[in-house]
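Rule-based calculations on the coordinates, nothing more; no lab input. Note that this is a predicted model, so its numbers are computed, not measured. Here the Cβ positions follow ideal geometry from the backbone for every residue, glycine too, while neighbour counts run over all protein chains shown.
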Amino acid sequence: MPADAIKPGELVDLAPSIRRLTAFNAGTMTGPGTNTWVLGEKEIAVLDPGPASPRHVENIVDQAPGEVRWILVTHTHPDHSPGAALLAELTGASLIGPTPPPGDRQDSSFCPAVQPNDGQEFDLGGFVLRAVHTPGHASNHFCWWHAPLGVLFTGDHIMQGSTVVIAPPDGDMCAYMASLGRLLDLPIRAMAPGHGHWIDRPREEIRGLIAHRERREEKVVSAMDALGPAALEAILPRVYDDVPDRLHPVAALSLEAHLLKLEREGRARREGDSWRLAEGAAQ
């Protein structure tokens, strides 16, 4: 499927009973905006209602082809779930999703009626979605699997056109890599991401992301091997020399996640504010 133009506020049909409605929150971290997915026909499930934007939420209600009965979220970051409370107030729909963990980057307003378990299936009128726990970007992140169509709604676990930020302590690089690998076991035909375009070569995308993270980790190891004990701030420009300086504060979060992964694997050690390779880790 060729990449379609993303226009915030425009409802776009992308597969049978699957429509994308992008919020008006374009930016450096959100790309063209958060994708809200409008699923079903007469009975509607809304996945990731986006930020607490009355304009976007009213747009969802106005453009949905039927009654909004269910609201689901992939995770509780502020660009994905805060619209749920507004949408539930307008429609009376049931909230399904994970409770927010502690942290200032979480939407504490999200209060689900049902919290999914990994592998749990939800009958949403004319179709079933299965919850797939994919921690990494967030500890409470779930992808949602539409098995009959082979479509995986990936939230921020996989974003088209960009890698996701892994921000400790809630973000976890070990968990993220394991979650990516797990998706290769699903017969995915397409992925509907939380930001960016529809992805119609999912296995290639997943393998590419795994390879990218592995290459980045190799650069972390090489930088520490060259520098010896060094602070994160000294390692950062060597590892992210392909990233604009203005994005280095964000890249530093993922670098910390890589360092913590290496520490957990016994390949790096933290000494005060410095990091160093464990003996033999560079081989």
Nearest 0.05, what FRET efficiency do Arg55 and Thr163 give at R0 = 22 Å with Cβ-Cβ as r?
0.15
Those trypsin sites (Lys or Arg not before Pro) from the stretch 29-115 that are DSSP loop and have at most 12 other Cβ neighbours within 10 Å turn out to be Lys42
Mind giving me the nanometre distance, one decimal, between the label points for Ala147 and Val114, set 7 Å out from Cα along Cα→Cβ?
1.5
Using only Cα atoms and rounding to the nearest 10 degrees, what angle (0 to 90) does helix 202-227 make with the longest principal axis of the chain?
30
List the aspartates and glutamates whose Cα sits under 13 Å from the Cα of Lys42, skipping any in the same chain fewer than 8 residues away.
Glu67
Straight-line reach from Lys7: which aspartates and glutamates fall under 16 Å, measuring Cα to Cα and dropping same-chain residues less than 8 apart?
none
Compactness relative to 2.2 N^0.38 Å, alpha carbon Rg of the stretch 210-277
1.00
Separation between Cα centres of the stretch 1-60 and the stretch 110-139, rounded to whole Å
19
Sequence neighbours fewer than 8 away in the same chain don't count; with that in mind, list the lysines whose C-alpha is under 29 Å from Lys219.
Lys261
Calculate the FRET efficiency for Ala211 and Arg264 from the Cβ-Cβ distance with a Förster distance of 30 Å, rounded to the nearest 0.05.
0.90
With the cut-off at 24 Å, report for the chain the share of all Cα pairs above it, as a whole percent.
50
Summing -39500 (n - 2.57) over every DSSP H run of at least 4 in the chain, dividing by its residue total and rounding to the nearest 500, the 222 nm mean residue ellipticity is -9000 deg cm²/dmol
Round to the nearest 0.05 the FRET efficiency obtained for Asp241 and Asp273 when R0 = 25 Å and r is the Cβ-Cβ distance.
0.70
